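Below: one structure, written as structure tokens.
The values are calculated or read from the model by the stated rules, or taken from the named source; none is laboratory data. As the structure is a prediction and not an experimental result, all values here were calculated from the model. No Cβ is skipped: glycine too gets one built from the backbone with ideal geometry, and neighbour counts run over all protein chains shown.
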Amino acid sequence: MESNDHGIESLCWPKLTASQSESGHGASVVLVLVVVCRYSWSALQHLRLRAYIALRLTTHRLWQAAKTWPQPQDWLLAAGLTATLGLVALPVGLISHFLSPTVATVTWAEGLRLAGRVLLVPALVEEGFWRVLMLPHPTEMISDRKRWRLGLPMLGLFVVMHPFNAMTLYPSAFDTFTNPVFLLSATLLGLICTYTYWKSGSLWVVTAMHWLVVTVWLLFFGGYAALHL
């Protein structure tokens, strides 16, 4: 009888051990899932917070830049810097034959439509992105050194964007957008627009600067023919 009891016990013990093992394994899986879910939820909350901050910052920058109307001193600064750009870019462009002092072969109506189109793209769109969205507004309390540490890389990307655009979306402008004189002019334009934006805090003054430079180039210095418009 004792032998039978021992046999029954020996048969039941391995089954009990296997059951405990499966239970332990199941508990481990549940624990891992709980940890993964916890960290996933924390990561999701972090992403939501970052997205919320980015949205608030974008809204703040757009609203501040759009509602700020330039003061007379802002227009004077813009005029002076734009004239300085002309004094540098015109001689270099004429000597290198990148610029050609010829009036574009368009009617007055076509010229006005072209000027209106330039006001929207590239002037308003590019300034709205490269200056307003990508740079801190003057109302953001950061040092001038940090502003330039952010601004100079954005200036580089603004310039590089033109050859990249020519290699992808606008191949007919490749020769123009990769010309060293054009890239120098784009760099100087981006630089004076960056400085003017930080001094004025207004989207409209830098849009006007960008529009004037591009429109004059297209209609009076060979840009219309160079871009095959």
Going by the conditions given, is SER185 closer than 15 Å to TRP130 by Cα, hydroxyl-bearing (Ser, Thr, Tyr), surrounded by 17 or more Cβ atoms within 10 Å (Cβ to Cβ) and over 16 Å from the mean Cα position of the chain (by Cα)? no
The correct count of residues that are surrounded by 11 or more Cβ atoms within 10 Å (Cβ to Cβ) and part of a loop (DSSP other than H, G, I, E, B) in the stretch 98-115 is 7
Being over 17 Å from LEU227 (Cα atoms) and outside any helix (DSSP H, G or I): is that true of PRO138 here? yes
PRO91, sole failed condition from (1) under 15 Å from TRP204 (Cα atoms); (2) assigned to a helix (DSSP H, G or I): (1)
For TRP130, which of the numbered conditions (1) touching a helix residue (DSSP H, G or I) at 6+ places or on another chain (Cβ under 7 Å); (2) loosely packed, with under 14 Cβ neighbours inside 10 Å; (3) of a type in the set (Phe, Trp, Tyr) fails to hold? (2)
List pairs: first in the stretch 159-176 and more than 25 Å from THR194 (Cβ to Cβ), second part of a helix (DSSP H, G or I) and not aromatic (Phe, Trp, Tyr), Cβ under 6 Å, 6+ apart or cross-chain? PHE174/ALA166
Looking only at the stretch 37-65, how many residues end up being of a type in the set (Phe, Trp, Tyr) and under 21 Å from the mean Cα position of the chain (by Cα)? 2
Can you tell me which residue among LEU81, LEU31 is of a type outside the set (Val, Ile, Thr) and either assigned by TED's automatic domain parsing to the domain that holds THR187 or modelled with pLDDT of 95 or more (or both)? LEU81
With the structure loaded, tell me whether THR187 is in a helix (DSSP H, G or I), closer than 20 Å to HIS60 by Cα and hydroxyl-bearing (Ser, Thr, Tyr) or whether it fails that test. no
